[in-house]
Amino acid sequence: MDPEFQKALQRNPHLGVYINEFRQKTGTIPDFVVSLSKDMEEEHVNVILPVGDPVFIHIYGTAEMGEARYYTIEPPLFPNEKRKYDAIMGMILEKSSNEPVPNSEAELKTLISKLIDESIDIGAGGDLPDEDEKPGLLQKLIPTQKKVPLNQQEYNKILYHIERNIIGSGPIEPIVRDPYLEDIHSIGISGVFIVHKILGMMETDLTFGDEDGLDRWLRSMSERIGRPVSDAHPISDGALPDGSRINIIYSPDISRRGSSFTMRKFSEVPVSIIQLINWGAVNCDMAAYMWMLLENGMSIFFSGETASGKTTMLNACLSFVNPKSKIYSTEDTAEVQPPQAVWQQLITREDGPPDSRVDTFTLLKAALRSRPNYIIVGEIRGVEGAVAFQGMQTGHPVLATFHASAVTKMIQRLTGDPINVPVTFIDNLNVGMILQAVYRKGQFLRRCISIDEIEGYYEEAGGVVTRAVFQWDPETDTHAFRGLNNSYILEDKIAAKLGYEDKRKIYEDMFLRSRILEEMRSRGIDDYYEVNDILVNFYRHGIDGLPFPV
């Protein structure tokens, strides 16, 4: 057995219990791994993944099962331990009213530890009598017994569950810890599914217990995002303290199969452009093309369907913007993560009296007076789109995410209700990058399927003329550069702006950047911060600032 597996079993007795029960059922023991392979197959997988003691994830799949299953392993509370947990929680809640309000998660954790220590007698051991034998025991426990007796194992388990439920994410804490998690989709008490970065949609074994447990959890989460749900206000959407985005639909009157929620996990460290190249979302030439655009103040929409990777791509590409630029972002939920030091981050305010609400439209109008080098709009859905185009017309480059599966559909949405950008203004937007989630040869992938330049509206052509400079071939899973010596943006916009006599020299600049990106990729440099540092040094010192020759 792997030495790390043995150590994990020694530290976590509940893991050993789970492994023994699984071995008795299947005759097999899972492999203990600290990372998952992208080549992992649903029909041949049996692994235990540690996600921080005392929590583990078990992924198990065979050819007979068809789809792999996702199991969570955490220390269970047995009936007597659950009674002790309830008693300690009651004491903590009572004592917390006399404590100062913590200002951070670290202070909250320290306060909880202090209140627990005041409420327990560690090492005393002993069970609490069954509630059936002594009704009202938990109410009598605090004044009569003062402290709850716990042995060390009980203390470890109860401490985990208290921190899990007060600071963490409650019943979904195990899957929230999983680094391979993308989204959580939950419908009703036990219908908890995840989108896994390697295996796609998977059903979990998690449950909220009963309707009251689910309702309590949803109310708690909605309070954390500052938008409480109730029967009168059953829909809430916002960002949790860690940046994860959650949408809640409360009340079975609306969500017929039970209250539901969708959570998109936030990554503290953005995905780097080199990681996206490694994953095949774009290639080095495409990334270099985006570098040229963002270096020279072009306006770009990252467009695609839901979960196609729009915000991930936007965040990765922001490293290409000059580090001395001022960034102004406006969003409903904080998801954009520019690396630039001068970043004015604005969030809409939807609640409160009508006069105190601030929408994207208002924030965008304010942006035009803030002298930013780039305006970023989290998502354009309505009339704020017209303001974004006004910003482009006044010389403010705009980056935004947008819901449309092709450049033609993007233009149709922009020129139709409720956005209503005049078709003759469309050429203020320079480029549309179209992204898509695809299922290819049994794998769930995200790909940039095209990058299209917007040349403008021509009456004689009967509409807006666009050029596809990059296109994805689904047969070979490769990208073709169709804009070589034929790029309107590179030649007529950027080369003209830079004063090139021979406009086609601009492609040499692009291919230099492509070689820099390829060199990072081949050297295994894909950490977001390391990639960003190299790009910053290139801005400051040119090729002399690179840590390698090109």
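The values are calculated or read from the model by the stated rules, or taken from the named source; none is laboratory data. Bear in mind that the values here come from a model prediction, so they are computed numbers and not experimental data. Neighbour counts are summed over all protein chains in view; Cβ atoms, including those assigned to glycine, are modelled from backbone coordinates with ideal geometry. Just so you know, the surface numbers come from the protein's heavy atoms only, side chains and all, with ligands and any DNA or RNA stripped out. Shrake-Rupley method; radii C 1.70, N 1.55, O 1.52, S 1.80 Å.
A few notes on this one:
- Just the protein heavy atoms count here, and of the accessible area of region 41-84 at 1.4 Å, carbon and sulfur take up 52 percent.
- For LYS146, the lysines whose Cα falls under 26 Å of its own Cα, not counting residues fewer than eight places away in the same chain, are LYS82, LYS84, LYS95, LYS109, LYS114, LYS134, LYS157.
- Values [x] 25.0; [y] 34.7; [z] 31.6 are given for comparison; mean projected area of the Cα convex hull in nm², derived from the coordinates here, is the one labelled [z].
- For region 322-409, the carbon plus sulfur part of the accessible surface works out to 50%, probe radius 1.4 Å.
- Note on HIS196: accessible area is roughly 0 Å² with a 1.4 Å probe, heavy atoms of protein only.
- Electrostatic dipole magnitude of the chain [Cβ: Lys, Arg +1; Asp, Glu -1; Cα centre; debye, to 20]: 940
- Cβ-based charge dipole, region 148-189, positive-most Cα from PRO174, ILE162, GLY188: ILE162
- Neighbourhood net charge (10 Å Cβ-Cβ; Lys/Arg +1, Asp/Glu -1) for LEU150: 0
- Sparsely packed loop sites in region 205-275 (the trypsin sites (Lys or Arg not before Pro) outside DSSP H, G, I, E and B with at most 16 other Cβ atoms within 10 Å) comprise ARG256, ARG257.
- Listed residue (GLY432, ILE225, MET40) projecting farthest to the positive dipole end of the chain, Cβ model: GLY432
- Cross-link partners of LYS503 among lysines (Cα-Cα below 25 Å; sequence separation of 8 or more within a chain): LYS493
- Antiparallel DSSP beta bridges within region 319-465, as percent of all bridges there, nearest 5: 50
- Of all lysines in the structure, those lying under 25 Å Cα to Cα from LYS25, and not within fewer than 8 positions of it along the same chain, are LYS7.
- Restricting the chymotrypsin sites (Phe, Trp or Tyr not before Pro) of region 61-129 to loop positions (DSSP other than H, G, I, E, B) with no more than 11 neighbouring Cβ atoms within 10 Å leaves nothing.
- Region 299-440: C-alpha gyration tensor shape, a/c 1.5 cut-off, then a/b vs b/c: rounded
- Rounded to the nearest 5, the antiparallel percentage of DSSP beta bridges internal to the chain is 65%.
- Over the chain: helical MRE at 222 nm, DSSP H runs n ≥ 4 each giving -39500 (n - 2.57), nearest 500: -10000 deg cm²/dmol
- Stretch in the chain that is longest and holds no GluC sites (Glu not before Pro) that DSSP places in a loop and that have at most 16 other beta carbons within 10 Å: 134-267
- Normalised contact order of region 1-61, rounded percent, pairs of Cα under 8 Å and 6 or more residues apart: 25
- Among THR476, ASN373, MET89 the positive-end extreme of the charge dipole of the chain (Cβ point charges): ASN373
- Accessible area in square angstrom per residue, the chain, 1.4 angstrom probe: 48
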